[in-house]
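Colleague: Below is one structure. I have some questions about it.
The values are calculated or read from the model by the stated rules, or taken from the named source; none is laboratory data. Keep in mind the model is a prediction, meaning the values are calculated, not measured. Every residue, glycine among them, receives a Cβ derived from its backbone with ideal geometry; neighbour counts consider all protein chains shown. Note: areas computed on protein heavy atoms with side chains; ligands, DNA, RNA excluded. Shrake-Rupley method; radii C 1.70, N 1.55, O 1.52, S 1.80 Å.
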Amino acid sequence: MKVTLLQTDIEWAQPEVNIRRAEALLRANGGSDVYVLPEMWATGFATEPEGVAEAEDTSAALRWMRRVTSEQQVAVCGSLAVRCADGTYRNRHYFCTPDGVSFYDKHHLFSYGHEDRFYTAGQQRCVVEWRGCRFLLMTCYDLRFPVWSRYTEAEPYDAIIAVANWPQSRQTAWEVLTRARAIENQAYLIGVNRVGDDAYSHYQGASRVVDARGDIVGRCADDVEQALTIDFDLAALQSARQRFRVLDDADIFNL
């Protein structure tokens, strides 16, 4: 499974500019199965979405994601701030393939930044399968809540995709939590963060892929818009899970 991390800078509330940036990086790094963009990659982290979030049914960013998947026969994922048909705003993590679109609505809204005042939280986890790999979709702040990402036999997965706007001021947490979620679930963790600045924070990036042992198998440079491709071995992951059966002893949680 080849996954390309698209660590982008984000121009505030300029979807067309950000689409062009994402497309240039993607097309310069062909040959992957999955391309992963950051959280709210088309607008920046808009905690107050009115006037910034796109309507879901006319979103240029979502339309681009769907077009690329069809043209390139790949999967593209990342979250967008959208206004839904029912009038609610969602931080919606889309996973687009040539066969259709799946999505996960961010469950743990970032109350410290008042995201919870304007967005509606999702209540369901989302596991999607693409080319034999099962991905659990997560968004930024979700990383701090291990029960939400817990691997279960009822809802198994091979890799977590965590998209983020994670500021440099909390970089240590990003470093630790991405590794912790991979270790405790014996899964790959694909963490894609942005770089650059907005009105509130500086973003270092440090996007990475972590394996089930917690080892970083690939990492983007700091403060650089960059693509990084990792080819990971699902057969080796399943073999490791069979040999060292940590998940058999996991606590059972009811969400």
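Colleague: Where residues in the stretch 126-164 are touching an Asp or Glu at 6+ places or on another chain (Cβ under 6 Å) and open to solvent by less than 10 Å² (accessible area, probe 1.4 Å), which of them is nearest to Phe45 (Cα to Cα)?
Modeller: Ala164
Colleague: Just to be sure before I move on: is Ala182 touching a residue at least 24 places away in the same chain (Cβ under 8 Å), among the small types (Gly, Ala, Ser), at negative phi and buried (at least 20 other Cβ atoms within 10 Å of the Cβ) in the structure I sent?
Modeller: Taking the combined requirement at face value, the residue satisfies it.
Colleague: Another question about this same structure. Show the residue pairs that are 6+ apart or on different chains and have beta-carbon atoms under 7 Å apart, the first residue being within the stretch 110-122 and in contact (Cβ under 8 Å) with a residue 12 or more places away in the chain, the second being open to solvent by less than 40 Å² (accessible area, probe 1.4 Å) and aliphatic (A, V, I, L, M).
Modeller: Close Cβ pairs (under 7 Å, with a partner that is open to solvent by less than 40 Å² (accessible area, probe 1.4 Å) and aliphatic (A, V, I, L, M)) amount to Glu115/Leu109; Tyr119/Leu109; Ala121/Leu109.
Colleague: If I filter the stretch 105-120 down to residues being in a loop (DSSP other than H, G, I, E, B) and not aromatic (Phe, Trp, Tyr), which single residue comes out as most open to solvent (accessible area, probe 1.4 Å)?
Modeller: His114
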